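Chemist: Quick one: structure below, then a few questions.
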Amino acid sequence: MEARIRIRNTKSILFKGVIVFFAFLITVPLIIVLLYIIKQGVTQVSWHFLTHVPAPVGESGGGISNALLGSFIMVMMSSVLAIPVGMFAGIYLSENPHTKLAYYSGLCVDILQGVPSIVVGIVIYFWLVKPLGTFSAISGSVALAIMMLPIVIRSTEQTLRLLPPSLKEAALSLGVPYHRVILKVIVPCGFAGILSGIMLSIARIIGETAPLLFTAFGNPYLSSSITKPMESLPHLIFTYATSPYDEWHNLAWGASFILLMFVLTLNIITKLITRKWNIQL
Amino acid sequence: MKNKRLDLSYSQMKWETIFRRILIFMSIVLVLIVIGILITLIMESMPSIKSLGIGYLWGKVWDPVSNIYGAYPFLIGTLLTSFIALIISIPFSYAVSIYLGEYNPKGWLSNLLKNTIELIAAVPSIIYGFWGLFVLVPIIRTFEAKIGVAPYGIGIFTSSLILAVMIIPYAASLGITLIRMVPSPLKEGAYALGATRFEVIRSVIMPFTRSGLFAGVLLSLGRALGETMAVTMLIGNTSTLAHTFKDLIFGPSNTMASVIANEFTEADHTVYLSALIELGLVLFFVTVVINLIGKRIITRFTNN
Amino acid sequence: MEHTVVSASKFNAWFGDNHVVKDVSIGIEKNQVIAVMGPSGCGKTTFLRCINRMHELIPGATAKGSLKLYDDEVYTMNPIYVRYKIGMVFQRPNPFPNLSIYDNVVAGYKLNGLKMAKADMDNIVEKSLTSAALWKEVKDSLHKKGTFLSGGQQQRLCIARAIAMEPEVILFDEPTSALDPISTSSVEQLFHELKEKYTLIIVTHNMQQAARVSDKTAFFYLGELVEFDDTKQMFTAPADVRTQNYITGRFS
């Protein structure tokens, strides 16, 4: 009897050992990737690197200013497109959870969340690139906005659902009309959650390459025209990483480092906000 | 004063209606976007569906130069990369779920590990691809030389390795939440009967969370199937299928997403382009169905 | 002559098919404290929420019959205007967590976009907080968040918020059920002072409270208004056997 208990206990301990081993082993690839990118990228970054366009093959120097500007412009434009739609749709979902429209738009959020980003790229190609006759920053932004939407909607919806109904009642009982109740009481009270959803969605789209391949395309020159092709950080990394030149690889390492820093910072800030406000996303 | 308030309240009523309409309108926009995506994909796939028929899906040859299109190599490439990645990732995502859900649900170490794993999903796929191309590929090449296959370095195996890492967070973070939801009276009941921790996990926690953990695996699979950039950089972009299984796994190949990424802007005639879009349509359907099934299981699980 | 502020006749309310308020007729006079009591589920809270048209905000909720504020039919008035005139205090204190104490008091003005001079606003804040017996406690921390106050203070802040709108009637939905005994007595004391200016309708399931604070008491049972009389009369010699059973604790 005692021997059997000992065997069972040993088994239990062994099992825990295996679990702990696998659970921590998974952080190893992440740490290796992060350290490698930092090691390769940090030496590339300089003021010159941030303020110049890539140098042609064979010339040294050059930077990623075109991609920085492009990513900035396109992320801004997609935020302008996606945040109002996402917030209002999220408010609708949290306010009217049982309507038919809520069911179908909830379903559509789930669908959008699962759509491969390359498919969004294809669709925007036919919606915008073909009619406009050229790759453009606009079409890239619309593609990214569609990628942003589900995250903004879900975070808005879930944050607002967590707010106590008494808050809404308090405002309504003062004769505050519905739209002011939502915009001046409910949304400000859930602001932290909505904001972290927005930041998370930006962190996601800033690294998206696939939807940009057939929409914004790329542009080796500094351009701020939204009707022309535009470079972005991830697209620059893709082009330069798959090129055969060492200088270009270095440029891509530098760009990867910058991109990674953006993404990590956004994620960490979001984590801090959600932890402080105890929000589940 | 009193009349002013009355006037104001009437103008406010108008705004209330407008505001409600905006909410409804934005929700409809969302539905329209999704319907639009579907319609566009179907419409643009029509030339290919018409001229190639359903046989396109199991056509073994993809040769745009001779105008022959068969999706079979990409279906195989996609399924193989995704399933190998899934198999590699499952032990990890289950281990993380059990460790953070049961053994160590609170405290700084638990939080640190959980946040680290969530960061895995935050790193853009292009960065995994780039790193894989320059660090992982040479390692795999050495390994391939040792086991006696052509040392390409790139291919299905390499892509699967990277994919496995990328998809772990999706199954893991769901698994953690679900395992934490196991009611403690259930566990205590088993402990009271003298069960060890392992026995409680095996005979109480696992059966209780099985469907939910499966849903997590489905979500991971959905990610893997649609993942584009990392795979595009690592799979080798070869549209012919290798003849032996070993060459297939370790040699270059193509997935649906990667062939679209590589050839879409080069597709110079209607059927070629349309054949690529049809791949996108298939990909759309498969990932959407997998995701919706996963979500349904989760909803049912959390409602019970 | 006393003047009737709120009157209902043959008033009914439903949640879907559930008939929760049945043929209620009542006349409430100015500057009185009315207690509304009855076992839980008797429709007392629903009736209260019908008076300022909060009931209809719940999906599936309907109401029918006549309900008047002075001579105006409440259900043909603009609901927003009704809620200006009839304030409400809830079961749990619910100050706006994103606003300071000061802004909480004038929330009714600010959230409605009613503009006024700073001096007027200061004046309203001081007057309302004084009426709510909170001014002395918070006058040095007006710009702190309202959620830092204790439960009883928060509830008095909510009362000040209602007073600030200068309503005719203030509805209280079990206003002390979430408070400790000391906070409860501070709120109860307020009722006596507030009735000088307002008409108070208080839903409570605490009979002692009803007896302590009210001039008149309405007893609801299964959606019907069983009895409405002077509080003293009701507690000493109830006319209806159901009232008597309730008061003597035969059902709860």
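The values are calculated or read from the model by the stated rules, or taken from the named source; none is laboratory data. Bear in mind that the values here come from a model prediction, so they are computed numbers and not experimental data. Cβ sites come from the backbone with ideal geometry, for glycine too, and all protein chains shown count toward neighbours.
Chemist: How about region A:152-200: which of its residues are within 24 Å of residue B:226 (Cβ to Cβ) and within 12 Å of chain B (Cβ to nearest Cβ)?
Modeler: A:152, A:153, A:154, A:157, A:199, A:200
Chemist: Over 21 Å from residue A:80 (Cβ atoms), within 11 Å of chain B (Cβ to nearest Cβ), in contact (Cβ under 8 Å) with a residue 24 or more places away in the chain and of a type outside the set (Asp, Glu), is that true of residue A:232? Talk me through it step by step, then tell me what you get.
Modeler: Details: over 21 Å from residue A:80 (Cβ atoms): no; within 11 Å of chain B (Cβ to nearest Cβ): yes; in contact (Cβ under 8 Å) with a residue 24 or more places away in the chain: yes; of a type outside the set (Asp, Glu): yes.
No; evaluated as a whole, the condition is false for this residue.
Chemist: A further question follows. Within 14 Å of chain A (Cβ to nearest Cβ), part of a loop (DSSP other than H, G, I, E, B), polar (S, T, N, Q) and farther than 30 Å from residue C:227 by Cβ: does that describe residue C:98?
Modeler: Numbers: within 14 Å of chain A (Cβ to nearest Cβ): yes; part of a loop (DSSP other than H, G, I, E, B): yes; polar (S, T, N, Q): yes; farther than 30 Å from residue C:227 by Cβ: yes.
Yes; evaluated as a whole, the condition is true for this residue.
Chemist: Please list, ordered by first then second residue, the pairs with beta carbon atoms under 6 Å, 6 or more apart or interchain, first in region B:115-133 and within 7 Å of another protein chain (Cβ to nearest Cβ), second not in a helix (DSSP H, G or I).
Modeler: B:124/A:207; B:126/A:209
Chemist: Here's another thing I want to ask about it. Here are some conditions: (1) closer than 30 Å to residue C:236 by Cα; (2) of a type in the set (S, T, N, Q); (3) assigned to a loop (DSSP other than H, G, I, E, B). Residue C:184 meets all but one. Which one does it not meet?
Modeler: (3)
Chemist: Right, something else. Look at region B:175-211 and say how many of its residues are closer than 19 Å to residue B:118 by Cα and of a type outside the set (S, T, N, Q). Reasoning before the result, please.
Modeler: If we filter region B:175-211 for residues that are closer than 19 Å to residue B:118 by Cα, which is where we start, we get B:175-180.
If we keep only those that are of a type outside the set (S, T, N, Q) as well, we get B:175-176, B:178-180.
Residues that pass the stated criteria total 5.
Chemist: Going residue by residue through region C:99-106, is there one that turns out to be surrounded by fewer than 22 Cβ atoms within 10 Å (Cβ to Cβ), of a type outside the set (Phe, Trp, Tyr) and over 18 Å from the mean Cα position of the chain (by Cα)? Before the answer, list the steps.
Modeler: Our first condition is that a residue be surrounded by fewer than 22 Cβ atoms within 10 Å (Cβ to Cβ); within region C:99-106, this holds for C:100, C:102-103.
Remaining after also requiring of a type outside the set (Phe, Trp, Tyr): C:100, C:103.
Then drop every residue that is not over 18 Å from the mean Cα position of the chain (by Cα), which leaves C:100, C:103.
Yes.
Chemist: For residues that are over 12 Å from residue A:194 (Cβ atoms) and buried (at least 22 other Cβ atoms within 10 Å of the Cβ), tally how many sit in region A:81-100.
Modeler: So the count comes out to 4.
Chemist: Only one of B:241, B:273 is assigned by TED's automatic domain parsing to the domain that holds residue B:81 and not in a helix (DSSP H, G or I); which?
Modeler: Result: B:241 is the single residue among B:241, B:273 that is assigned by TED's automatic domain parsing to the domain that holds residue B:81 and not in a helix (DSSP H, G or I).
Chemist: Can you spot a residue in region A:115-128 that is facing another protein chain (nearest Cβ under 8 Å), crowded, with 23+ Cβ neighbours inside 10 Å, among the polar types (S, T, N, Q) and within 30 Å of residue A:275 (Cβ to Cβ)?
Modeler: Scanning region A:115-128 turns up at least one residue that is facing another protein chain (nearest Cβ under 8 Å), crowded, with 23+ Cβ neighbours inside 10 Å, among the polar types (S, T, N, Q) and within 30 Å of residue A:275 (Cβ to Cβ).
Chemist: Within region B:197-248, take every residue that is surrounded by 19 or more Cβ atoms within 10 Å (Cβ to Cβ), among the polar types (S, T, N, Q) and farther than 22 Å from residue B:275 by Cα and give me the one that is nearest to the chain's Cα centre (by Cα).
Modeler: B:220
Chemist: Quick check: is even one residue across region C:62-70 within 11 Å of chain A (Cβ to nearest Cβ), farther than 19 Å from residue A:179 by Cα and in contact with a Cys (Cβ under 6 Å, 6 or more places away or on another chain)?
Modeler: In the first step, residues of region C:62-70 are kept if they are within 11 Å of chain A (Cβ to nearest Cβ); the result is none.
The answer is no, given that none of the residues of region C:62-70 is within 11 Å of chain A (Cβ to nearest Cβ), farther than 19 Å from residue A:179 by Cα and in contact with a Cys (Cβ under 6 Å, 6 or more places away or on another chain).
Chemist: Filtering region B:261-281 down to residues that are within 10 Å of chain A (Cβ to nearest Cβ) and within 15 Å of residue B:57 (Cα to Cα), which residue is surrounded by the fewest Cβ atoms within 10 Å (Cβ to Cβ)?
Modeler: Keep residues of region B:261-281 that are within 10 Å of chain A (Cβ to nearest Cβ), which gives B:261-262, B:264-265, B:273, B:276-277, B:279-281.
Then drop every residue that is not within 15 Å of residue B:57 (Cα to Cα), which leaves B:276-277, B:279-281.
Working: B:276: 27, B:277: 28, B:279: 29, B:280: 27, B:281: 22.
Ranking the qualifying residues of region B:261-281, first place goes to B:281.
Chemist: Would you mind stating whether residue B:40 is assigned to a helix (DSSP H, G or I), at pLDDT 95 or above, more than 10 Å from every other protein chain (Cβ to nearest Cβ) and buried (at least 20 other Cβ atoms within 10 Å of the Cβ)?
Modeler: Details: assigned to a helix (DSSP H, G or I): yes; at pLDDT 95 or above: yes; more than 10 Å from every other protein chain (Cβ to nearest Cβ): no; buried (at least 20 other Cβ atoms within 10 Å of the Cβ): yes.
No; evaluated as a whole, the condition is false for this residue.
Chemist: Next question, about the same structure. Kindly evaluate residue A:143 against the criterion of being within 24 Å of residue A:199 (Cα to Cα) and in contact with a Lys or Arg (Cβ under 9 Å, 6 or more places away or on another chain). Lay out the reasoning, then the answer.
Modeler: Working: within 24 Å of residue A:199 (Cα to Cα): yes; in contact with a Lys or Arg (Cβ under 9 Å, 6 or more places away or on another chain): no.
No; evaluated as a whole, the condition is false for this residue.
Chemist: I need every pair where a residue in region B:90-108 that is within 8 Å of chain A (Cβ to nearest Cβ) has its Cβ under 7 Å from the Cβ of a residue that is hydrophobic (A, V, I, L, M, F, W, C) and assigned to a loop (DSSP other than H, G, I, E, B), sequence separation at least 6 or different chains.
Modeler: Within 7 Å, the pairs are B:92/A:26; B:96/A:26.
Chemist: Just one of the numbered conditions (1) free of Cβ contacts under 8 Å to residues at least 60 places away in the same chain; (2) of a type outside the set (Gly, Ala, Ser); (3) within 14 Å of chain A (Cβ to nearest Cβ) is not true of residue B:65; which one?
Modeler: Going through (1) free of Cβ contacts under 8 Å to residues at least 60 places away in the same chain; (2) of a type outside the set (Gly, Ala, Ser); (3) within 14 Å of chain A (Cβ to nearest Cβ) one by one, residue B:65 breaks only (3).
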